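A quick write-up on the structure given underneath.
The values are calculated or read from the model by the stated rules, or taken from the named source; none is laboratory data. Keep in mind it's a predicted model, so treat the numbers as computed, not measured. Glycine gets a Cβ as well: all are built from the backbone with ideal geometry, and neighbour counts include every protein chain shown.
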Amino acid sequence: MRIFGLNRKIIRVLLGTEYAHMLEYRAEIALWALSGVLPFIMLSLWNGSDARDALGMDGVGLDRYFLSAFLVRQFSVVWMIYAFEEDALTGRLSPYLLQPLHPLWRYVASHLGEQLTRLPFAAVITAIFFLIQPNAFWLPSFGHFVLAWLATWMAFSIAFLLQSLIASLCFWSEKASALERLLFIPFLFLSGLLAPLTAFPPFVRTLAQWTPFPYLIDFPARVLAEQPVDLLAGFAIQSAWIVLLLPLVLLFWRAGVRRYSAMGA
Amino acid sequence: MRRYFKSLRRFWGTAVASQLEYQLNVVIELVAVGLSLLGSLFMLSLFFGPGRALGGWSWHEALIVQGFYTVLDGMASTWLRPNLSSIVTHVREGTLDFVLLKPIDSQFWLSLRTISPAGLPEIALGLLLVIWGGHQAGASLSPGGIAVVLLMLLAGGLILYSLWFLIAATSIWFVKTWNATEVLRAVLASGRYPVAAYPAPLRLLFTLVIPVAFLTTVPAEVVLGRASTPMLWLGLGLAVGFFVAARQFWFYALRHYTSASS
């Protein structure tokens, strides 16, 4: 049985080749992993600041929160729009469109392959963090770990769908990645990557909770750091965003493909 | 020397003309700059409140640091990013050969070939923020003081350029280095806040190894009239040192350059 052109064999082959492909670029991926140090810089700022007490995270709670934010970001980062834009501009997309496999699956597979390649680097950075801050060390319980993994995976799905939505605008305008920049800015400030949402004034926090951004970092990070968080509401809202975005992406994609006139053809 | 000025005028004239073709991008850029500044100010405001300071800096003083960061970020998007990111492309596609054959200094050509006016509003906004923050913090500057501010800003710009160019030059060996500049950008983001707000080991790192301190904090200290003279000399020394290092490294890298097809 195939769902959007997928069956078990295709999944295995896709993931295998994409992982092998990403492994070739492991030096580059190490640098990408390293470029995610922003949460640690913010942590050192918050730790020395007078405003720290207002965050509602005592002792090592904040260290754990920012480490979790780093990890969640590592495994939910999405760059499909850049790959897609290049494929669309160079005409590489055309053969993908002819295949019975939905082209988006290809990008999903390369992200999963990249995450697997990233895993050892993220582990090394985590180990260094614990060497510097040994008393922040914790092992989440198995239940929390699974929930955090699930939340991160859902965060990745939301981010991926959001970017696919913009990417499908590439069919209309060649420079849709400029729009991605506009999406990244609210993400950066509202997701909880730079400060936990409890630091925000109530009005901004309420506003942020109506956007998908806090569910991309803040919610999964809180689950991983074992901070008090409303699990049910968090997962419900994450699912709601997925349910909302998925049909939109498919709709835009289908309309876009109809407009697509292959480059270089 | 005249040849260089003439080339520069031609370079930038054509660059501006071709940028104006994409007017929608200019609008998007403007919105992005506005949003990004708004977000940065919001993030900065979280550290403050009644009776709170950040590493001994008040809100208005920290605004000056944020302003200088915005100026340098604008400079990066007008000048550094468009030029230095194309070095990688030149190396990968072998077009660096054409650059090297030109009767003009290759570092000059690669560093100043194009300009993207979309970053200029950001520079203007940053300067406004510096002036407003300085005014509110009660700073008064003599013409001499302004000259020192500009000099330190120039030194900061030179340090930023040299760091960026050093990394871009490694593409001679590694080809794909634009993610190395991503690491640099992530670290440079620490310049949004006064360096005194960081713990001691990071302060040392940001002063001597990756001199972020001289990009934003030191110019802000000059505005507030509390910069120490040794720091200023250290900043100027580092700027010259980094620039010489970048230049020497470029010559060294060129000796290892084997064209793309060979």
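Observations on the model:
- Cross-chain or 6+ apart pairs with Cβ under 7 Å, segment B:137-166 first and touching a residue at least 12 places away in the same chain (Cβ under 8 Å) and aliphatic (A, V, I, L, M), then crowded, with 22+ Cβ neighbours inside 10 Å and not in a helix (DSSP H, G or I): B:Ile159/B:Pro211; B:Ile159/B:Leu215; B:Leu160/B:Leu215
- Restricting the search to helices (runs of 4 or more DSSP H) fully inside segment B:132-225 and requiring at least 1 residues that are hydroxyl-bearing (Ser, Thr, Tyr) and under 16 Å from the mean Cα position of the chain (by Cα) gives B:143-169, B:178-188, B:217-223.
- Scan segment A:174-196 for residues that are within 8 Å of chain B (Cβ to nearest Cβ), within 17 Å of A:Thr90 (Cα to Cα) and small (Gly, Ala, Ser) and the total you get is 0.
- The listed residues are B:Ser171, B:Ser190, and the only one of them that is crowded, with 22+ Cβ neighbours inside 10 Å, in contact with a His (Cβ under 9 Å, 6 or more places away or on another chain) and either under 25 Å from B:Asn83 (Cβ atoms) or in contact (Cβ under 8 Å) with a residue 40 or more places away in the chain (or both) turns out to be B:Ser171.
To keep it simple, each residue is scored yes or no on (1) exposed (fewer than 14 other Cβ atoms within 10 Å of the Cβ); (2) touching a helix residue (DSSP H, G or I) at 6+ places or on another chain (Cβ under 7 Å); (3) farther than 20 Å from A:Phe145 by Cβ.
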| position | (1), (2), (3) |
| --- | --- |
| A:Arg8 | yes, no, yes |
| A:His21 | no, yes, yes |
| A:Tyr25 | no, no, yes |
| A:Leu31 | no, yes, yes |
| A:Tyr65 | no, yes, no |
| A:Leu71 | no, yes, no |
| A:Val78 | no, yes, yes |
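- Being buried (at least 21 other Cβ atoms within 10 Å of the Cβ) and of a type in the set (A, V, I, L, M) is a property that holds for B:Val222.
- Hits in segment B:40-51 (condition: exposed (fewer than 14 other Cβ atoms within 10 Å of the Cβ) and within 7 Å of chain A (Cβ to nearest Cβ)): B:Gly49
- Wholly enclosed helices (runs of 4 or more DSSP H) of segment B:21-111 bearing at least 1 residues of a type in the set (Ser, Thr, Tyr) and modelled with pLDDT of 90 or more: B:23-46, B:59-75
- The set of residues from segment B:166-198 being closer than 17 Å to B:Val212 by Cβ and away from every other protein chain (no Cβ under 14 Å) comprises just one member, B:Leu166.
- In segment A:131-174, the residues that are in contact (Cβ under 8 Å) with a residue 40 or more places away in the chain and outside any helix (DSSP H, G or I): A:Gln133, A:Trp138, A:Pro140, A:Ser141, A:Trp172, A:Glu174
- Test for A:Met80: is it under 30 Å from A:Leu246 (Cβ atoms), within 14 Å of chain B (Cβ to nearest Cβ), of a type outside the set (Asp, Glu) and out of contact with any Leu (no Cβ under 7 Å at 6 or more places or on another chain): no
- A:Gln115 vs. criteria touching a residue at least 12 places away in the same chain (Cβ under 8 Å) and within 14 Å of chain B (Cβ to nearest Cβ): no
- Any chance A:Ile29 is within 11 Å of another protein chain (Cβ to nearest Cβ) and assigned to a helix (DSSP H, G or I): yes
- Of all residues in segment B:83-105, those satisfying the criterion of being touching a residue at least 60 places away in the same chain (Cβ under 8 Å) and crowded, with 18+ Cβ neighbours inside 10 Å are B:Leu84, B:Ile87, B:Val88, B:Val91, B:Leu96.
- Residue in segment B:9-18 that is within 19 Å of the chain's Cα centre (by Cα) and away from every other protein chain (no Cβ under 14 Å) present: yes
- Within segment A:50-75, being over 12 Å from A:Ala122 (Cα atoms) and either assigned to a loop (DSSP other than H, G, I, E, B) or modelled with pLDDT under 85 (or both) holds for A:Asp50, A:Ala51, A:Arg52, A:Asp53, A:Ala54, A:Leu55, A:Gly56, A:Met57, A:Asp58, A:Gly59, A:Val60.
- Check on B:Tyr252, assigned to a helix (DSSP H, G or I) and hydroxyl-bearing (Ser, Thr, Tyr): yes
- Sub-6 Å Cβ pairs linking a first residue in segment A:186-197 that is within 15 Å of A:Tyr65 (Cα to Cα) to a second residue that is among the β-branched types (Val, Ile, Thr) and part of a helix (DSSP H, G or I), at least 6 apart or interchain, number zero.
- Index of the failed condition, A:Leu93 passing every other in (1) over 20 Å from the mean Cα position of the chain (by Cα); (2) at pLDDT below 90; (3) within 14 Å of chain B (Cβ to nearest Cβ): (3)
- Condition check for B:Leu160: surrounded by fewer than 21 Cβ atoms within 10 Å (Cβ to Cβ), closer than 24 Å to B:Gly235 by Cβ and modelled with pLDDT of 90 or more: no
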